[in-house]
Amino acid sequence: MWNTTNNVPVAVNVGVVLDFDKLLGKIGLSCINMAISDFYATHASYRTRLVLNPRDSKMDVLGAAAAAVDLIKNVQVQAIIGPQSSMEAHFVIDLGNKSQPLLISSIVQAFEWREAVLIYIDNEFGEGIIPYLTDALQEINARVTYWSAIPSSATDDQISQELYKLMTMSTSVFIVHMPPSLGTRLFAMAKQIGMMREGYAWVVTDGMTDLWSLTDPSSIDTMQGVQGVRTYVPRTNELKNFRVRWKRKFQLDNPNTVNAELNIFGLWAYDATFALGMAIENLQSSVFQIVNINGNGKEGLGDTTFPPRGWEIPTNGRKLRIGVPVKDGFNQFVKVIWNPDSYTATSVTGYCIDVFNVVMAVMPYAVTYEFIPFATPDGKSAGTCNDLIFQVYMG
């Protein structure tokens with residue numbers, strides 16, 4: 001929306017949460033900045049301008065959550081781009097989990113494998129692929145015989161112990177779904193104990209393949225023979241020109257970083273920023289002039305960007321019920337405190353709860369809500385996150 005007095009476009013605050021000490025974060029930030037420049041170069045008449053408010057997540061989940069709370073509460077951003085890691089944000093999980101299993105099942109079918117072991121990182125990113133992969137394999141009369149969950153904090157000895165256990169099983173086909181930070185260690189241990197030799201088959205998802213350009217060559221060497229699925233990007237002249245422009249800008253902004261290569265996450269960051277600029281422009285309110293009916297005429301009272309709402313949420317209406325997962329770990333995100341006698345929840349706390357409360361507090365209308373732990377009568381977890389979502393769907 002243009003300022004009515006001097007035609008200056010309205011600034012719209014947008015948060016950016018990335019790990020600026022890591023190459024992936026630097027690539028993402030450079031692509032976001034390029035997107036801002038390119039977008040307004042081709043949309044100069046737009047009434048809004050995105051203003052970036054960068055925050056460093058320091059590659060930490062709590063740091064990312066704290067940055068998000070600060071941006072929402074203190075800066076009042078309209079949107080947040082990032083964070084980049086699977087544990088910090090899940091905005092691309094569902095898309096990848098639904099499309100990749102079909103490709104993986106085609107590989108399994110091509111080699112006529114009938115069984116496979118799934119090795120995944122022990123978090124929501126890793127768990128998310130399980131139902132889709134299971135269904136995709138069942139469609140070709142194959143199945144997952146064992147699910148191996150490995151925490152990101154696992155030591156090399158713990159990884160080796162799990163791999164030794166897998167060696168005793170009859171299945172020698174392994175599907176790996178985890179980020180390179182854990183996956184490269186897994187394959188190093190697998191090679192060390194002899195699981196990369198002939199007779200073993202390995203397939204990796206885009207959790208690793210999309211970041212191969214950032215992986216150390218020595219780590220790639222331990223993965224010789226591994227097959228993978230990665231995001232397909234057509235090799236167009238437009239992309240070729242963009243890579244050249246990006247390379248030039250990145251080297252100017254990061255003179256001490258050498259051999260950086262544009263990857264899919266940089267392209268996603270660029271496209272997401274472009275889409276955000278379009279969405280913010282389209283969602284801006286129209287300008288309204290408040291008038292007072294006075295006799296047979298009307299008298300203007302001033303300009304406002306807020307249209308008359310004309311409704312309120314009834315204070316005696318039903319409360320919005322928020323399902324809360326109950327888990328033993330990660331209490332810093334969500335923690336349910338129980339009454340030991342009645343097994344009723346006395347409070348629900350954590351960073352996720354704080355972020356939710358902050359968002360609800362800045363809503364333009366009042367919404368009453370309550371947190372409902374997804375638990376059995378004795379205070380135990382009632383199921384997985386997928387089970388919770390299904391219960392929400394069923395009402």
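The values are calculated or read from the model by the stated rules, or taken from the named source; none is laboratory data. A quick note: this is a predicted structure, and the numbers were derived from the prediction, not measured. Using ideal geometry, Cβ is built from the backbone for each residue, glycine included, and neighbour counts are taken over all protein chains shown. Protein only, heavy atoms only, side chains kept; ligands, DNA and RNA dropped before computing areas. Shrake-Rupley method; radii C 1.70, N 1.55, O 1.52, S 1.80 Å.
Screening SER148 with (1) touching a residue at least 40 places away in the same chain (Cβ under 8 Å); (2) closer than 19 Å to ASN123 by Cα gives one miss only, at (1). Only helices (runs of 4 or more DSSP H) whose full extent lies in segment 89-168 are considered here, and the ones with at least 1 residues that are at pLDDT below 90 and within 27 Å of the chain's Cα centre (by Cα) are 93-110, 124-127, 130-138. For segment 13-71, a residue qualifies if it is assigned to a helix (DSSP H, G or I), under 20 Å from LEU262 (Cα atoms) and open to solvent by 50 Å² or more (accessible area, probe 1.4 Å), and the qualifying residues are LEU23, LYS26, ASN33, SER37. On the stretch given as segment 322-363, residues that are assigned to a loop (DSSP other than H, G, I, E, B) and among the aromatic types (Phe, Trp, Tyr) total 3. Can you work out which of the residues in segment 366-392 that are open to solvent by 70 Å² or more (accessible area, probe 1.4 Å) and in a loop (DSSP other than H, G, I, E, B) is nearest to ALA66 (Cα to Cα)? Top of the filtered list is ALA366. In segment 186-218, what residues are touching a strand residue (DSSP E or B) at 6+ places or on another chain (Cβ under 9 Å) and either open to solvent by 60 Å² or more (accessible area, probe 1.4 Å) or not in a loop (DSSP other than H, G, I, E, B) (or both)? Hits for segment 186-218 are LEU186, PHE187, ALA190, ALA201, TRP202, VAL203, VAL204, ASP206, GLY207, MET208, THR209, TRP212.
Residue-wise test of (1) small (Gly, Ala, Ser); (2) over 30 Å from MET195 (Cβ atoms); (3) surrounded by 12 or more Cβ atoms within 10 Å (Cβ to Cβ).
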site	(1), (2), (3)
GLY225	yes, no, no
GLY228	yes, no, yes
TYR232	no, no, no
LEU252	no, yes, no
ILE264	no, no, yes
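Cβ-Cβ distances below 8 Å connect the following pairs, each with a first residue in segment 212-238 that is over 27 Å from ALA188 (Cα atoms) and of a type in the set (A, V, I, L, M), a second residue that is surrounded by 10 or more Cβ atoms within 10 Å (Cβ to Cβ) and modelled with pLDDT of 85 or more, and a separation of six or more residues or different chains: VAL233/LEU239; VAL233/LEU267. Sub-9 Å Cβ pairs linking a first residue in segment 17-39 that is free of Cβ contacts under 8 Å to residues at least 12 places away in the same chain to a second residue that is in a helix (DSSP H, G or I), at least 6 apart or interchain, number zero.
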